[in-house]
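Peer 1: I'd like to ask you about the structure that follows.
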Amino acid sequence: MMMVIRNIFPLQTRVMLAKTQAIQGISHSRCLSSKVPLTALKESNEVMTPHYESLSDAELAAMVVNKELSQHKLEKVLQDTERAVNVRRLAIGEALVQEGRAEDAMDDLPHAAFDYKGFYDNIFGTNCEAVIGYMPVPVGVVGPLRINGVDRHVPMATTEGALLASTNRGCRAITESGGTATAILKNGMTRAPLIRVPSAAYGAEMIEWVNMKETQAELKQAFNSTTSHGKLQSVEGRLAGKNLYLRFACHCGDAMGMNMVTKGTVEALRVVKEKFSEAEMVALSGNVCSDKKAAAINWIEGRGRSVVCEVVLKRDVVERVLKTTPEAMIHVNNNKNLIGSAVAGALGGFNAHAANNVAAVFIATGNDPAQVIESSQCLTVLEMEGEDLHMSVTMPSIEVGTVGGGTTLPAQRAALKMIGCQGADRVKSGGNADILANAVASTVLAGEISLIAALTTNDLLKAHIELNRKTGPAPSSTTTTTTTTTTPPPTSDTPAFGTSGTRSLHTTTNILGHCSIGHPSSGGPSEQLDLNVTQGRPMYRMPGTCLDAADEFAECAPDGSVTYSFP
């Protein structure tokens with residue numbers, strides 16, 4: 001069970017810290033001053049580190065809850081990654097209780113010993129075949145994120161460093177500005193069987209029949225007879241020569257609903273077959289659904305839950321938290337996310353990196369990662385609202401559920417409990433899945449806010465170097481007078497500068513001239529650097545390419561070394 005720490009108050013914590021720090025020679029006035037937070041004492045690392053280590057986990061968690069210690073710095077100040085996780089879980093657990101969640105919400109989210117036997121039992125016959133093990137993926141949490149007036153913490157599973165730190169910054173900006181407002185515009189999981197007809201005229205007759213009010217009622221009756229939770233919303237026909245595609249859309253309650261809509265579609269097709277005996281079903285899915293593919297029909301008509309999410313960011317928050325201005329963010333968004341995506345011919349990709357956050361939440365909550373492709377279709381819009389910044393994301397195809405599939409596994413159930421939407425909503429059908437869809441959209445908005453702000457200040461590359469790369473050993477020697485720069489061999493613990501496990505990039509530490517660098521995956525900040533003063537700084541370059549302005553004099557070897565031949 002989680003240790004409850006609500007009885008440890010800020011004043012008690014500060015008095016206790018003051019006593020300890022007095023022994024270590026740190027003045028009471030610095031410790032107790034409300035204007036100098038405890039985290040500001042980090043300059044005295046050699047003094048503070050043993051002090052933090054001497055505190056109990058509950059005391060440290062109380063400091064995190066009371067914002068006297070940043071949860072992001074726990075690993076650094078404690079020099080113990082396992083203990084940092086334990087302390088963070090206590091702090092997040094307390095926050096969840098304050099948000100109305102159960103005290104045991106995180107208990108089934110593994111963080112130490114893992115019941116692999118129980119895990120194998122759970123997945124047998126339901127989630128995976130030919131099992132040979134499991135793939136550990138780290139789970140972090142962002143929040144508090146205020147969504148429709150309710151503070152929530154959202155778990156995210158990812159191996160991409162900087163993603164949660166960045167999203168958390170966006171969450172802070174949103175919450176300090178009053179939170180997001182969301183609306184579900186449409187709700188319908190779809191299945192579109194392919195029916196082969198004798199002629200296009202025969203198919204047109206079928207569509208005319210399907211569109212009749214009486215027919216719609218008959219099809220709904222047949223469809224709904226297969227489930228107590230699903231409700232058929234509509235049936236639409238599309239004809240291509242002798243191919244007829246009937247697109248069924250179903251409200252699936254709290255389930256993502258693919259099995260539900262498929263089962264109902266089969267029963268409804270019996271009614272169609274009775275009326276049109278010459279029609280032949282070729283495939284239960286004719287790709288007009290359209291499942292797990294980027295498709296304009298999902299972008300226009302929607303699939304799953306169509307969500308719009310907005311926030312008005314106060315100018316003060318933009319300047320203080322995001323270190324930029326509303327005008328600069330609008331400029332980047334218009335030219336990158338709108339014009340740039342149009343030049344690329346994007347299909348629903350008018351955003352900075354919506355798929356990052358969608359995938360991380362899907363994996364954490366047991367939803368289907370393959371459906372990220374349509375669920376991350378997103379239009380990000382920024383505009384001025386007085387002196388403040390209005391920002392929104394429109395996502396027409398968020399395909400999520402809180403029952404069935406991977407959501408039934410213990411760890412994934414725990415993640416849903418943290419958000420406050422595990423299982424079926426017994427009061428409102430689909431209510432919990434609505435909460436999850438709104439959380440996905442709000443988390444995407446937080447990620448968009450932070451990344452766009454980072455692009456305006458050229459902070460993106462710096463963040464990824466600091467949070468998404470292992471630090472390599474310093475090169476034994478570098479010189480600008482020889483013709484060859486070599487990279488040292490890697491140690492057993494860290495990669496050499498010449499290689500990297502992150503996005504298959506290479507680096508070199510001895511480059512001449514000028515170059516432009518940018519974030520390698522998102523088209524991030526670009527800046528001109530004087531490389532004559534970058535000795536010892538790792539610089540990004542793709543394998544087989546050089547960033548040197550004098551590329552005609554340089555040759556890149558496969559191992560990452562650079563050879564210069566000057567006339």
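Peer 1: How about the range 76-193: which helices (runs of 4 or more DSSP H) wholly inside it have at least 1 residues that are under 30 Å from Val235 (Cα atoms), of a type outside the set (Gly, Ala, Ser) and within 20 Å of the chain's Cα centre (by Cα)?
Peer 2: No helices (runs of 4 or more DSSP H) qualify here.
To keep it simple, each residue is scored yes or no on (1) touching a helix residue (DSSP H, G or I) at 6+ places or on another chain (Cβ under 9 Å); (2) at negative phi; (3) without any contact (Cβ under 8 Å) to a residue 40 or more places away in the chain.
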position: Glu214; (1), (2), (3): no, yes, yes
position: Gln221; (1), (2), (3): yes, yes, yes
position: Thr226; (1), (2), (3): yes, yes, no
position: His229; (1), (2), (3): yes, yes, no
position: Leu232; (1), (2), (3): yes, yes, yes
position: Arg238; (1), (2), (3): yes, yes, no
position: Ala249; (1), (2), (3): yes, yes, no
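Peer 1: Out of curiosity, is Leu467 open to solvent by less than 40 Å² (accessible area, probe 1.4 Å), modelled with pLDDT under 90, among the hydrophobic types (A, V, I, L, M, F, W, C) and closer than 30 Å to Pro326 by Cβ?
Peer 2: Taking the combined requirement at face value, the residue does not satisfy it.
Peer 1: Somewhere in the range 141-152, is a residue under 27 Å from Ala437 (Cβ atoms), surrounded by fewer than 21 Cβ atoms within 10 Å (Cβ to Cβ) and either acidic (Asp, Glu) or touching a Phe, Trp or Tyr at 6+ places or on another chain (Cβ under 7 Å) (or both)?
Peer 2: Checking the range 141-152: at least one residue is under 27 Å from Ala437 (Cβ atoms), surrounded by fewer than 21 Cβ atoms within 10 Å (Cβ to Cβ) and either acidic (Asp, Glu) or touching a Phe, Trp or Tyr at 6+ places or on another chain (Cβ under 7 Å) (or both).
Peer 1: Hey, Ile297 hits all of (1) without any contact (Cβ under 8 Å) to a residue 60 or more places away in the chain; (2) more than 19 Å from Asn351 (Cα to Cα) but one; which does it fall short on?
Peer 2: Among (1) without any contact (Cβ under 8 Å) to a residue 60 or more places away in the chain; (2) more than 19 Å from Asn351 (Cα to Cα), the lone unmet condition for Ile297 is (2).
Peer 1: Among the numbered criteria (1) touching a residue at least 40 places away in the same chain (Cβ under 8 Å); (2) surrounded by fewer than 24 Cβ atoms within 10 Å (Cβ to Cβ), which one does Ala433 miss?
Peer 2: If we test Ala433 against (1) touching a residue at least 40 places away in the same chain (Cβ under 8 Å); (2) surrounded by fewer than 24 Cβ atoms within 10 Å (Cβ to Cβ), just (2) comes out false.
Peer 1: Let me ask something else. Looking at (1) closer than 26 Å to Met258 by Cβ; (2) open to solvent by 40 Å² or more (accessible area, probe 1.4 Å); (3) in a helix (DSSP H, G or I); (4) among the small types (Gly, Ala, Ser), can you tell me which one Ala222 breaks?
Peer 2: Result: Ala222 fails condition (2) only.
Peer 1: Any residue in the range 86-99 that is within 30 Å of Gly420 (Cα to Cα), exposed (fewer than 15 other Cβ atoms within 10 Å of the Cβ) and at pLDDT below 95?
Peer 2: The answer is yes, given that some residue of the range 86-99 is within 30 Å of Gly420 (Cα to Cα), exposed (fewer than 15 other Cβ atoms within 10 Å of the Cβ) and at pLDDT below 95.
Peer 1: For the range 313-422, which helices (runs of 4 or more DSSP H) that fit wholly inside it have 1 or more residues that are open to solvent by less than 10 Å² (accessible area, probe 1.4 Å) and more than 20 Å from Asn458 (Cα to Cα)?
Peer 2: Qualifying helices (runs of 4 or more DSSP H): 354-365, 372-375, 410-419.
Peer 1: Follow-up. Just to be sure before I move on: is Ala217 in a helix (DSSP H, G or I) and open to solvent by 30 Å² or more (accessible area, probe 1.4 Å) in the structure I sent?
Peer 2: yes
Peer 1: Still on this structure, I have one more. Please pick out the residue among Leu239, Leu232, Leu244 that is part of a strand (DSSP E or B) and open to solvent by 50 Å² or more (accessible area, probe 1.4 Å).
Peer 2: Selected residue: Leu239, the only one of Leu239, Leu232, Leu244 that is part of a strand (DSSP E or B) and open to solvent by 50 Å² or more (accessible area, probe 1.4 Å).
The values are calculated or read from the model by the stated rules, or taken from the named source; none is laboratory data. Just so it is clear, the structure is predicted and the values come from calculations on it, not from any experiment. A quick note on method: Cβ atoms are made from the backbone with ideal geometry, for glycine too, and the neighbour counts reach across all protein chains shown. Accessible surface areas use protein heavy atoms only, side chains included; no ligands, DNA or RNA. Shrake-Rupley method; radii C 1.70, N 1.55, O 1.52, S 1.80 Å.
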